[in-house]
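Just so it is clear, none of the values below were taken in a lab; they were calculated from the coordinates. These numbers come from a predicted model, not from an experiment. Here the Cβ positions follow ideal geometry from the backbone for every residue, glycine too, while neighbour counts run over all protein chains shown.
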Amino acid sequence: MKFLLDTHTFIWWDSEPEKLSQRALELCRDPSNTLLLSITSIWEMQIKLQLGKLSLKIPLAEMINTQQETNQIGLLSITVSHVLALNTLPNIHKDPFDRLLVAQANLEGLLNKCEI
């Protein structure tokens, strides 16, 4: 299965795996699953780091590179189609990063919600 990790899941998977549910850990550790990190999440983390709203144990670039090498996490680019798909989402959640992640997951056919 392919999974699009949201920003907090990625951070916890890297730095605080005890914050993830047992099911989430199993899914992340399963080598038959493909884990993806959106550029949206990288953008969000960088902004939060600059604003002082996020602190990481290691530099963001190092965290991403390590996860790509160690856990084969792939990167999902942002496309025009992803941005335009925002128009199809209800205005339930106002966070622009979360909205773009949902639009990407829907458009790419990725699992973005399950019982984990």
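Couple of notes before you dig in:
- From its DSSP helices (H runs of at least four residues, each -39,500 (n - 2.57)), the chain gives a residue-normalised ellipticity at 222 nm of -15000 deg cm²/dmol.
- Compactness of the chain - radius of gyration and Dmax, Cα, Å: 14.0, 37
- Put in order of Cβ neighbour count within 10 Å, fewest first, the listed residues Arg23, Arg99 become Arg23, Arg99.
- Hydrophobic long helices, here whole DSSP H runs in the chain with Kyte-Doolittle means of at least 0.0 and Cα atoms spread over 15 Å or more along the helix axis, are found at 39-51, 96-108.
- For the chain: relative contact order, % (alpha-carbon pairs under 8 angstrom, 6 or more apart): 35 percent
- Inter-label distance, Leu75 to Asn87: 2.9 nm, where each label sits 7 Å from its Cα along the C-beta direction.
- In nm, spacing of pseudo-spin labels at Gln50 and Asn33 (7 Å Cα→C-beta vector): 3.2 nm
- Of the residues Trp13, His93, Ile78, the one whose Cα sits farthest towards the positive end of the charge dipole of the chain is His93 (charges of +1 on Lys and Arg Cβ, -1 on Asp and Glu Cβ, taken about the Cα centre).
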